[in-house]
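So the structure is just underneath, and the comments pick up after that.
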Amino acid sequence: MAIKNVGVIGCGLMGSGIVQVAAQAGFQVLFVEATDELVTRGLGRLRETLEGLVAKGKLEAKARDDALGRIAGTTRLDDLKGVDLVVEAMTENQALKNETFAKLDRICPPHAILASNTSSCNVTALAAATGRPGQVLGLHFFNPVPLMKLVEVVRTILAADAAVAAATEWVRAVGKTPVQTKDATAFIVNRLLVPYLLDAIRVYEHGLASLEDIDAAMKLGCGYPMGPFTLLDLVGLDTAMYVAEVMFEEFREPRYAPPPLLKRMVLAGQLGRKTGKGFYSYS
């Protein structure tokens with residue numbers, strides 16, 4: 001199946017990135033937001049990002065205009081009735097996602113693939129909420145979407161080979177590298193990354209070393225692009241704790257349990273860069 005028209009649900013941090021890379025790759029993209037104000041804000045964010053690339057000499061003005069010409073926004077889920085692929089990039093709420101996929105199943109054409117950008121929700125449950133379980137899968141992009149090359153293509157036990165192949169080819173078409181993974185909590189990257197981040201917090205809690213020295217040790221000793229605390233602040237401590245809780249609920253292994261310090265920082269509203277303070281201060 002040739003994918004030409006793409007729908008994206010949500011135009012926040014992840015959604016806008018998916019819209020951007022799809023439009024720059026030549027696909028017509030319609031994103032859905034909850035209100036007209038959020039649609040306007042999303043379009044403004046996309047224009048600002050693309051204009052920034054032009055200013056830096058990384059994008060031609062014509063390519064910017066062409067990409068913007070392929071993007072439209074709406075508040076109506078029903079407007080996705082003509083798309084070939086939907087990528088859902090909403091908040092990590094299983095019940096809300098299940099409800100949305102059931103609606104998409106009624107709205108979208110029979111051939112359309114329904115994908116979720118989820119990092120922690122159950123993709124099989126999303127498939128089971130529809131009448132087309134073979135055409136439901138996960139497409140887990142990474143933040144920031146325009147820069148990060150990886151996409152985890154998440155296959156459920158219900159997925160059809162043709163749908164997985166078409167979605168994988170689309171991932172390549174938008175300039176990303178796909179990796180295949182089964183639908184198991186946290187997939188590949190977070191299954192390995194989250195315990196590492198939680199262990200870093202425990203090491204700090206136990207007084208082994210300072211934040212700065214732990215970050216420097218992992219950067220210089222392991223060649224990581226950033227240390228665990230810099231990464232936690234970038235991802236958001238609330239997000240990290242949510243994923244850890246989902247993993248602990250699934251596997252009941254102590255290494256997935258959020259450390260006490262992480263819980264208290266989230267309760268205190270110290271969530272990282274987005275609040276101006278996490279493990280480091282950004283004021």
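The values are calculated or read from the model by the stated rules, or taken from the named source; none is laboratory data. Note that the coordinates shown come from a computational prediction; the quantities given were computed from them, not determined experimentally. Methodologically, a virtual Cβ is constructed for each residue, glycine included, from the backbone with ideal geometry; neighbour enumeration extends over all protein chains shown.
Assorted remarks:
- Meets criteria (of a type outside the set (Val, Ile, Thr) and in contact with a strand residue (DSSP E or B) (Cβ under 6 Å, 6 or more places away or on another chain)) for Lys176: yes
- Conditions (1) part of a loop (DSSP other than H, G, I, E, B); (2) over 27 Å from Gln94 (Cα atoms); number of the one not met by Ala184: (2)
- Subset of segment 105-126 (residues that are surrounded by fewer than 24 Cβ atoms within 10 Å (Cβ to Cβ), free of Cβ contacts under 8 Å to residues at least 40 places away in the same chain and part of a helix (DSSP H, G or I)): Asp105, Arg106, Ile107, Ala125
- Selection of segment 158-188 for residues being surrounded by 14 or more Cβ atoms within 10 Å (Cβ to Cβ) and either small (Gly, Ala, Ser) or more than 25 Å from Ala128 (Cβ to Cβ) (or both) yields Ala159, Ala160, Ala163, Ala166, Ala167, Ala173, Val174, Lys176, Ala184, Ala186.
- Among the conditions (1) under 23 Å from Glu249 (Cα atoms); (2) among the basic types (Lys, Arg); (3) surrounded by fewer than 19 Cβ atoms within 10 Å (Cβ to Cβ), the only one that Arg155 does not satisfy is (3).
- Looking only at residues of segment 77-104 that are within 17 Å of Val154 (Cβ to Cβ) and in a loop (DSSP other than H, G, I, E, B), we find that the one that is modelled with the lowest pLDDT is Glu92.
- When each of Gly131, Gly69 is tested for being loosely packed, with under 14 Cβ neighbours inside 10 Å, more than 20 Å from Phe27 (Cα to Cα) and modelled with pLDDT of 95 or more, the lone residue that passes is Gly131.
- Elements of type helices (runs of 4 or more DSSP H) in segment 210-257, at least 2 residues being out of contact with any strand residue (DSSP E or B) (no Cβ under 9 Å at 6 or more places or on another chain) and charged (D, E, K, R): 211-222, 237-251
- Which numbered condition Glu92 misses (of (1) touching a residue at least 40 places away in the same chain (Cβ under 8 Å); (2) surrounded by 15 or more Cβ atoms within 10 Å (Cβ to Cβ); (3) touching an Asp or Glu at 6+ places or on another chain (Cβ under 9 Å)): (3)
- Segment 145-156, subset touching a helix residue (DSSP H, G or I) at 6+ places or on another chain (Cβ under 6 Å) and in a loop (DSSP other than H, G, I, E, B), residue nearest to Thr181 (Cα to Cα): Thr156
- Selected residue [closer than 30 Å to Pro110 by Cβ and assigned to a helix (DSSP H, G or I)] from Arg202, Arg191, Arg172: Arg172
- Long-range neighbours under 6 Å by Cβ, at least six apart or interchain, first residue closer than 13 Å to Val235 by Cβ within segment 266-283, second of a type in the set (S, T, N, Q) and at pLDDT 95 or above: Gly278/Gln270
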